[in-house]
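The values are calculated or read from the model by the stated rules, or taken from the named source; none is laboratory data. All figures in this text were calculated on a predicted structure; none of them were measured in a lab. Don't worry about glycine lacking a Cβ; one is built from the backbone with ideal geometry, like all the others, and counts go over all protein chains shown. For the accessible areas, the whole protein counts, side chains as well, though only heavy atoms, and no ligand, DNA or RNA atoms are used. Shrake-Rupley method; radii C 1.70, N 1.55, O 1.52, S 1.80 Å.
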Amino acid sequence: MYQVYPRSFADGNGDGEGDLPGLLAHLPYLADLGVDGLWISPWFPSPLADGGYDVSDFCDIHPMFGTLADADAVLREAHARGLRVIIDLVPNHTSDQHPWFRAALAAGPGSPERRRYFFRDGRGPDGDEPPNNWISAFGGSAWARVTEPDGRPGQWYLHLFAPEQPDLDWTEPAVLYDFDDVLRFWFDRGVDGLRIDAAPAMAKKLGLPDADYGGVAEFRTVDWHDNPHWDVEEVHDIFRRWRAIADTYDGDRAFVAEAVVSTPARLVRYLRPDEMHTAFNFPYLKSPWDAAALREVIDATLASFEPIGVPSTWVLTSHDEIRPVTRYGRPTTSSFFITDGEGEESDLALGTRRARAAALLMLALPGGAYIYQGEELGLPHVDDLPDEVLQDPMFLRSGGALRGRDGCRVPLPWSGSSPPFGFSPDGVLPWLPQPASWADLTVEAESGDESSTLSLYRAALRLRRGTDGLLGAPLVWRESAEEVLDFERAGALRCVVNLGDRPVDLGGSDVLLSSLPLVEGRLPVDGAAWVRPSDPVPASGG
Ligand code: NOJ
């Protein structure tokens, strides 16, 4: 699956912002790349307080991106090219500009309109303290106080993300029923699935008790057990209801959970047969560039997914993360949080070698893989965007202490030798400035270069599709040096990744694809290769 962040993919109407006509025009590129489908980040009307994850109408298209007719055209053309389309549903919260929230503000305390959200009186004698100690993912309290229609300071509302993203109360029947209609609206239009944003946030413990963050007031949800606003049991009732709706449709309609929870055991609860179909593999995404750590997370993933018959997924990055080329070139190669490694110098040549190897590793693993736009070009993170162009609420809410995620959302370079690199017509400045150094990383430049990262992704995807017996073939580890990952997809493909400090002898194997040129038949450090599997498999385990 290929993740499209529509604002930064391609500008079809020449206003410096990506849009659906731009996406439509580049569908041949995606089909040619060899992916099976797209996940499109939110395309709904939105004030863009959080990059479109603040939705003001769940059943329409942002005018900046186009119209519903454009969305229909994208679905039709994608399907005609054999590409599935998953869209991004953001059900935990709305925009503060959504008519539901505006009505709730206007209707005042105690009104039915306010029951769609979490409006509560404040604590303290004047009600001027937040109702509880919950924190926002973007820093500070998760509560904001409103001014009531009579002009006085009034109730507080809950926002686990930005204040412009008030949380919906999913115990309110109107919320439940309205979203049934949202699901049907998009399934009827032909979308193949939905990515569920912030899935574990959707249920809250009754009474909204204070949370115990163990002394660390940071939104590190993997550390949270029995938290009153994350991974609360009742959330599963919603997904059962949605699965029942999806199952009434023809074809394969799939849900993908965005669920960063404490353990694999908690994650697989979202994937029970009557809930969602797959989930993003965040432990894999966050793993450092280290053989033991990667092997551990691969084994743990397979051990939790295989018994329940759910395909594993693998992902290196997204619109929320440091781009791999930059991350793997820094001393801190894990990405537990977007801020990990922030400010560290990155050796981009090293990072690029590793990111290419990481791509071959990911694409050799059993299950689905997610590629984030620009990853296939080996784009680095843009960490020197000027402050005045940054738009991420993380930057704004932290008073500038955190740079936020804009650096992975810089518009794609398509062609030419200077900005806007074919993203927009010449002379139009894209909404975030592209580095001049991207001239060698355009689709055009990389298409003509067999050694480019784009050519590597294309070749890998082609081979992945064209290899008989690969789909469903189990992973079997081979004996290897400690810092080498070496496994077979039984009988179909062997993958060797060299995370050590000396070249690896491939023993004269038939090399199908390599992320770096071999030196005298040996795989260099930070390289990965796909080779024809031997028969029988020499060692097993894992
Ligand atoms: C996860 C999305 O990927 C991220 O971009 C967004 O800020 C939050 N959810 C809130 O919707």
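Summary table below
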{"quantity": "Search result, residues across region 37-62 that are of a type in the set (V, I, T), under 20 Å from the mean Cα position of the chain (by Cα) and more than 11 Å from the ligand (Cβ to nearest atom)", "calculated": "I40"}
{"quantity": "Criterion violated by D299 - all others in (1) open to solvent by less than 60 Å² (accessible area, probe 1.4 Å); (2) farther than 26 Å from Y372 by Cα satisfied", "calculated": "(2)"}
{"quantity": "Residue match in region 116-124 (condition: touching a helix residue (DSSP H, G or I) at 6+ places or on another chain (Cβ under 7 Å) and within 16 Å of the ligand (Cβ to nearest atom))", "calculated": "yes"}
{"quantity": "In region 393-419, residue farthest from the ligand (Cβ to nearest atom) [restricted to those that are within 26 Å of G448 (Cβ to Cβ) and crowded, with 23+ Cβ neighbours inside 10 Å]", "calculated": "P413"}
{"quantity": "Filter result (within 14 Å of the ligand (Cβ to nearest atom) and not hydrophobic (A, V, I, L, M, F, W, C)) within region 194-219", "calculated": "R195, D197, P200"}
{"quantity": "Qualifying residue in region 173-181 (condition: aromatic (F, W, Y) and over 23 Å from the mean Cα position of the chain (by Cα))", "calculated": "yes"}
{"quantity": "Total residues in region 373-391, condition within 16 Å of the ligand (Cβ to nearest atom) and surrounded by fewer than 24 Cβ atoms within 10 Å (Cβ to Cβ)", "calculated": "2"}
{"quantity": "Residue in region 163-180 that is away from the ligand (no atom under 16 Å from the Cβ) and more than 23 Å from P45 (Cβ to Cβ) present", "calculated": "yes"}
{"quantity": "Where a residue in region 80-109 is open to solvent by less than 50 Å² (accessible area, probe 1.4 Å) and its partner, wherever it lies, is among the basic types (K, R) and within 13 Å of the ligand (Cβ to nearest atom), with Cβ under 9 Å and at least six apart", "calculated": "I86/R195; I87/R195; D88/R195; L89/R195"}
{"quantity": "D340 being in contact with a Lys or Arg (Cβ under 8 Å, 6 or more places away or on another chain), over 23 Å from E446 (Cα atoms), open to solvent by 20 Å² or more (accessible area, probe 1.4 Å) and not small (G, A, S)", "calculated": "no"}
{"quantity": "Candidates L396, L385, L429, L461, filtered to the one that is assigned to a helix (DSSP H, G or I) and at pLDDT 95 or above", "calculated": "L461"}
{"quantity": "Some residue of region 308-317 being under 19 Å from R409 (Cβ atoms), in contact (Cβ under 8 Å) with a residue 24 or more places away in the chain, within 16 Å of the ligand (Cβ to nearest atom) and surrounded by fewer than 20 Cβ atoms within 10 Å (Cβ to Cβ)", "calculated": "no"}
